[in-house]
Amino acid sequence: MSKTCCSSSQEGQAVAHASASGDTVSCNTSASDHQSQAKASTQDSCCSSSASASSASASSHSTASASSEAAAVSSCCGSTSSPAANSTKSTASCCDTPKGRIDYLLWGSLTGVLVGYANYLFASYLGVEHTANALLTMSHAIYDLLNTMAWGLVLGVFMVALLSKVPRDLVMSVLGTHGGFNGMLRATGAGLLLDLCSHGILMVGAKLYERGASIGQVMAFLIASPWNSFSLTLILIALIGFGWTIAFILLSAVIAIATGLMFDALVKRGTLPANPNSTPLDDDFQFWPAARTALAQGNYTRAGWWQFVKDGVRESRMVIRWLMFGILLAALIRTFVPPDYFSQYFGPTALGLAVTLIAATVLEVCSEGSTPIAADIFTRAAAPGNSFGFLMTGVSTDYTEIMVLKDATRSWKIALFLPLLTLPQVVVVALVLNGFSS
């Protein structure tokens, strides 16, 4: 029985393929990869419950995995309906809009940014000062932020298109399923490469857990993934500079590796339950021959390159959506929050760090939307530690992430140990960064 994929977005495709065979990339893989997925696809269809009915003779382990996946979908998307009800619909991605529905967040945010940008250009043509009123001040902020991010956004779209062509087996071979320091390095590296939002990455992480990755590797993967994607790295470089961006990435990777090792140590001690799905990787798989095969199967014609560009734009919708939303939020902050408020409440002090961490925990903003806000905390409050804390706390204390981990692992302890282990590290690093900057 072959598995059908009903979502047209990049994230929805990635989740659908991950549900079928552990895929951590989008549906745009090679022909041989699709064939291998069709052979291995004996689990539930992502589009309907009838597939699960037709596979009643499957093992109880497959049924449990499908139930876990459905629960994770329901939790991640914030749905209150039961998994059984959800299984009769097409599975939408956690950060994307189901097919046939208007993406109000994307089009609303994009319209607001474009209107603000055009308003500033029109006012400049008429010679009106951008400080004449709040609307022009906000339009100037939008103009400045969008111009700063433009080059990173273009390169990010290219990287999304490129990563969508990487076969799943290559990604899984890089990640591995073994713990230890090398396993954490590989999981962190895989997390850095994936260009998915902080909510969408959860479904990939949940499937990696089902495919046998250690709980430490899953945590390292999740902590490293959301805002360290290539597109956001380029944008962050444009906003706060190359040196600080590299420092943020390295420090977040250290926290990801350390947290992963602590999780695996707690599993060995019996404090946390081990992953019951642990299985070794296929010893017959060879990375470089598979990579050469994937390169040989690429379409390098003019039509192929045009399709490559269109795929990149289409599959970057979730990144663009949250970036536009983040630009609007940052512009509102620049317009209505005086600079001295930043110094007073978000400054490089213990109180400022506490306020920043609380704000990051309360605000349910995807990683792409938090990047401009973190950059504003960095520049206007002169608090690089708070900026780092804002980015990292959104990953480690996000209630959506905690609930998805609980559903995927069937363990409240594993889910709650994520903020318990990561937050103290984030606080210590943030305090050091603030002290270093001053």
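The values are calculated or read from the model by the stated rules, or taken from the named source; none is laboratory data. All of these numbers come straight from a predicted model, not from anything done at the bench. So basically every Cβ, Gly included, is an ideal-geometry build from the backbone, and we count neighbours across all protein chains shown. Areas reflect the complete protein model, heavy atoms only, side chains present, ligands, DNA and RNA absent. Shrake-Rupley method; radii C 1.70, N 1.55, O 1.52, S 1.80 Å.
For segment 408-415, the criterion of being at pLDDT 90 or above, closer than 19 Å to Ala274 by Cα and among the β-branched types (Val, Ile, Thr) is met by at least one residue. Once segment 359-392 is narrowed to residues that are at pLDDT below 80 and aliphatic (A, V, I, L, M), the residue that is nearest to Gly326 (Cα to Cα) is Val365. Against the definition (touching a helix residue (DSSP H, G or I) at 6+ places or on another chain (Cβ under 6 Å), over 18 Å from Ala383 (Cβ atoms) and either open to solvent by less than 30 Å² (accessible area, probe 1.4 Å) or not acidic (Asp, Glu) (or both)), how does Leu421 come out, yes or no? Yes. Within segment 134-158, if we keep just the residues that are of a type in the set (S, T, N, Q) and modelled with pLDDT of 90 or more, the residue that is least open to solvent (accessible area, probe 1.4 Å) turns out to be Ser139. For Trp306, the conditions (1) open to solvent by 70 Å² or more (accessible area, probe 1.4 Å); (2) in contact (Cβ under 8 Å) with a residue 12 or more places away in the chain are fulfilled apart from (2). Flag: Val395 matches the condition of being among the hydrophobic types (A, V, I, L, M, F, W, C) and at pLDDT below 80. Listed by first and then second residue, the pairs with beta-carbon distance under 9 Å, at least 6 apart or on different chains, first residue in segment 371-387 and surrounded by fewer than 24 Cβ atoms within 10 Å (Cβ to Cβ), second among the polar types (S, T, N, Q) and not in a helix (DSSP H, G or I), are Ala382/Ser438. Of the helices (runs of 4 or more DSSP H) lying entirely inside segment 283-358, those carrying at least 1 residues that are within 30 Å of Thr397 (Cβ to Cβ) and modelled with pLDDT under 80 are 302-315, 317-336, 339-345.
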